[in-house]
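Structure, as structure tokens:
The values are calculated or read from the model by the stated rules, or taken from the named source; none is laboratory data. Being a predicted model, the structure only gives us computed values, none of them experimental. Every residue, glycine as well, gets a Cβ built from its backbone with ideal geometry; the counts of neighbours run over all protein chains shown. These accessible areas exclude ligands, DNA and RNA; they are computed on the full protein's heavy atoms, side chains included. Shrake-Rupley method; radii C 1.70, N 1.55, O 1.52, S 1.80 Å.
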Amino acid sequence: MRLNQNTLLLGKKVVLVPYTSDHVPRYHEWMKSEELQRLTASEPLTLEQEYAMQHSWREDPDKCTFIVLDAEKWQARPGIMEESCMAGDVNLFLTDLEDPTVGEIEVMIAEPSCRGRGLGTEAVLMMLSYGVTKLGLTKFEAKIGQGNEPSIRMFRKLHFEQVAVSSVFQEVTLRLIMSEPVRQWLLEQTSHVEEKPYRDGSAEPC
């Protein structure tokens, strides 16, 4: 999505930046993991295919992607290469043609050292807020593999409610309706987030 190609979102634990070609090699290494392929229902791609995928995601108006950086690493060394701070990614899919206010959200914390530290939770909160304030979304869905208990628990803590179970796809669908109380709660949870301009990795921590 071109809308976020010059947007950096600075949180407490994570920094969200657009997915650029500089991030592809590290992302490609992650996706060689059979565990991540299973959790994300993904097929392994060649490096060339991964570059092509990154380009298509940037151009696709129905897909908003941010790379999740570990804010602690990013802020500790000004000018550090983003690739060495990468923790995962967070995505919004706007694929419901009948209802453009629905977004399907997914998050992946691929770097093992970054798991269990709340990075995924903050990344999801920041992406939900971005979806509400920038994309006009009012409903969110998350489709998670039945065996991915940590992810299911995380989304439940963020007020998502289970609405369906697919035995065929072995996944659970959770939904969040952005009522006014939920919207206010979300904006409070993300009131610390700063939006800054991003220019191909040149944005440096202050």
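What the table below lists for this structure:
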read-out	value
Relative contact order computed over the chain (Cα-Cα under 8 Å; 6+ residues apart), in percent	24 percent
Amide H partners (placed H, <5 Å) of A87, local residues excluded	V68, L69, D70
The range 7-193, accessible area per residue, ligands and nucleic acids excluded (1.4 Å, Å²)	50 Å²
Karplus 3J(HN,Hα) series, Hz, for the range 8-24 with 6.51 cos²θ - 1.76 cosθ + 1.60 (x for Gly, Pro)	10, 10, 9, x, 7, 9, 10, 10, 9, 10, x, 7, 10, 5, 5, 8, 4
Å³ per residue enclosed by the Cα convex hull of the range 1-110	110 Å³
Relative contact order (%) - the range 121-202, alpha-carbon pairs under 8 angstrom, separation at least six	33 percent
Centre separation in Å (Cα based) which lies between the range 1-21 and the range 56-91	6 Å
Cβ-based charge dipole, the chain, positive-most Cα from A41, C114, L186	L186
5 angstrom amide H check on V14, placed H, neighbours 5+ away	A71
20 Å tail of the calculated P(r), the range 110-190, as % of Cα pairs	36 percent
Assigned charges on the beta-carbon of Lys, Arg, Asp, Glu; the range 7-193 dipole about Cα centre (debye)	720 debye
Modelled FRET efficiency - R0 35 Å, D22 with R153, Cβ distances, 0.05 increments	0.60
Size of charge dipole - the range 1-67 - debye, nearest 20, with Cβ of Lys, Arg +1 and Asp, Glu -1, no other charges	400 debye
Apportionment of accessible area to carbon and sulfur, the chain, percent (1.4 Å)	50 percent
Whole-number Å³ per residue for the convex hull built on Cα positions in the chain	119 Å³
Over the chain: helical MRE at 222 nm, DSSP H runs n ≥ 4 each giving -39500 (n - 2.57), nearest 500	-9500 deg cm²/dmol
Other-chain or far-sequence residues with amide H under 5 Å of Q162's (modelled H)	R175
